[in-house]
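Heads up, the thing below is written out as C-alpha cells.
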Amino acid sequence: MWYPASLSNFSIISSKCDLGEGLFVNGLAAAWVDINKSKIFLYKNSLTEFDVKNRPSVIYQMSEDILIFGSENGICKIDLKNKTEELINDITYSSNLNLKDFRSNDGGYSGDFQYLGFMHKNNPEKYSGYIFLIKDEKWILIDNKIHIPNSFIDLGNNFLLISDSLSSEIWLFNFAADGELKTKKIWRVLGGGQTPDGGCKIGEYIYLSMWDDNVINIYNLKGEYINNFKVPVLRPTNCKFDEYDSKLWITSASCGLNKEQLSDFPESGNTFAYKLKNNEIC
C-alpha cells in the first residue's frame, strides 16, 4: 500500500481554486478544474489556466493537443494549441430531462464507457441527482437516487464506486458489457459525519478524499477501513495517482470556509503532488 510517510515530501501548485475537482493525470501532465470559477488548470512544469464557457466538473482525457472534459452542458473539447473550446456532445439534445437547475459534479470511466453525474445547484438535500451513461453520443439515465454523485472510481471488470456526498454512502455499481447498469449495492456507509469526495484505486486499495476532514482515507477493496493520512487543507476534493512518476495528486476547495478556517488551512484551494520515495509502505 502506498502511503506518504513524509508529509513534507510534496509540491504545492498555487491554483487558488474555489472548488478544485475533476483530476486527471497521465504522466504527460496533470489537469483539474475549478467548478465555481469555470476554469481548467493544466500543469506541466508550469501552470496554465483556461477560462471555459461550459462550467466544468471532470477531466476525462488529455493528450499533447486535446483535452476532453465533462460540463453541465455536456462533453467538451479544448484544443490546447489554439486554446479553443467546443461542446461536442450537448446533453440537452439527447436527454428529455430538464437540467437547468442541475450541474455536473463528477464523472469517470468504467471500461470503455463514460459516465457523468449531476446534482441540484441550490437544494441537493431535497432533489436527488442523476447519473448518465454516455454511449454513441446518447445520454442514458442509469440512476436518479444519489443526491450528490461523486468519486467514480474504476475498479476494473465493469465495476465502479460512486459516492453520495450527501448521505455519506458509497455504492458499488456493476455494469453489463454494453455499459448499462446491472446491479447496484452498498459498498460502505461512512460514520462520524465524514463526507466522501473524489478518489482513486492504487493497487488493492481505495484512496478517498474526505471533505471537511483534512484527510485521505484508505480502504481495501471490500470497503474495510485501513488507515488515513492528513493533508494541509480542510477540504480535499479529489486524488489521483500518476504511476509514471509515482505521485499522488490532490485537489482542494476554499469555498465556504470562514476566516478562522482559512487561517488554519492557508493552502486551501491549492493542488498538491506527493512523491513516493523509497517505496514507502504503511
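The values are calculated or read from the model by the stated rules, or taken from the named source; none is laboratory data. Since we're looking at a predicted model, the values are computed, not measured. Note: ideal-geometry Cβ built from the backbone for every residue, glycine included; neighbour counts use all protein chains shown.
Would you confirm whether or not segment 54-65 contains a residue that is closer than 22 Å to LEU248 by Cβ, under 13 Å from the mean Cα position of the chain (by Cα) and aromatic (Phe, Trp, Tyr)? The answer is yes, given that some residue of segment 54-65 is closer than 22 Å to LEU248 by Cβ, under 13 Å from the mean Cα position of the chain (by Cα) and aromatic (Phe, Trp, Tyr).
Restricted to segment 130-226, the set of strands (runs of 3 or more DSSP E) holding at least 1 residues that are free of Cβ contacts under 8 Å to residues at least 60 places away in the same chain and aliphatic (A, V, I, L, M) comprises 130-135, 138-143, 149-156, 159-164, 169-175, 181-189, 205-211, 215-220.
Picking from residues in segment 131-176 that are touching a Pro at 6+ places or on another chain (Cβ under 8 Å) and hydroxyl-bearing (Ser, Thr, Tyr), the one that is surrounded by the most Cβ atoms within 10 Å (Cβ to Cβ) is SER163. If you go through segment 105-129 and keep only what is in a loop (DSSP other than H, G, I, E, B) and either closer than 22 Å to GLN61 by Cβ or touching a Pro at 6+ places or on another chain (Cβ under 9 Å) (or both), you end up with GLY111, ASP112, GLY129.
Selection of segment 13-28 for residues being within 16 Å of ASN270 (Cβ to Cβ) and either surrounded by fewer than 23 Cβ atoms within 10 Å (Cβ to Cβ) or among the aromatic types (Phe, Trp, Tyr) (or both) yields ILE13, SER14, SER15, LYS16, ASP18, LEU19.
For segment 201-210, the set of residues classified as crowded, with 21+ Cβ neighbours inside 10 Å and either within 13 Å of the chain's Cα centre (by Cα) or aromatic (Phe, Trp, Tyr) (or both) consists of TYR207, LEU208, SER209, MET210, listed by residue number. Take GLY198 and decide whether it is of a type in the set (Gly, Ala, Ser), within 17 Å of LEU248 (Cβ to Cβ), modelled with pLDDT of 95 or more and surrounded by 20 or more Cβ atoms within 10 Å (Cβ to Cβ). Yes, satisfied.
Of the set (1) modelled with pLDDT under 95; (2) charged (D, E, K, R); (3) in contact with a Leu (Cβ under 6 Å, 6 or more places away or on another chain), all apply to LYS185 but (1). For the subset of segment 90-104 comprising residues that are in a strand (DSSP E or B) and without any contact (Cβ under 8 Å) to a residue 60 or more places away in the chain, which member is nearest to the chain's Cα centre (by Cα)? Looking at residues that are in a strand (DSSP E or B) and without any contact (Cβ under 8 Å) to a residue 60 or more places away in the chain, I get SER104.
Just one of the listed residues (ASN228, ASN220, ASN174, ASN258) is polar (S, T, N, Q) and under 26 Å from SER11 (Cβ atoms), and it is ASN228. Taken as a whole, the condition of being touching a Cys at 6+ places or on another chain (Cβ under 7 Å) and not in a loop (DSSP other than H, G, I, E, B) applies to GLU85. When segment 29-43 is limited to residues that are touching a residue at least 60 places away in the same chain (Cβ under 8 Å) and surrounded by fewer than 21 Cβ atoms within 10 Å (Cβ to Cβ), the one that is nearest to ILE88 (Cα to Cα) turns out to be ASN36. When SER6 is tested against (1) part of a loop (DSSP other than H, G, I, E, B); (2) modelled with pLDDT of 95 or more, only condition (2) is not met. The residue of segment 44-77 that is nearest to ASP101 (Cα to Cα), among those that are of a type in the set (Ser, Thr, Tyr) and touching a residue at least 24 places away in the same chain (Cβ under 8 Å), is SER71. Of everything listed in (1) free of Cβ contacts under 8 Å to residues at least 24 places away in the same chain; (2) surrounded by fewer than 17 Cβ atoms within 10 Å (Cβ to Cβ); (3) in contact with a Lys or Arg (Cβ under 7 Å, 6 or more places away or on another chain); (4) of a type in the set (S, T, N, Q), the single unmet condition for ASN123 is (3).
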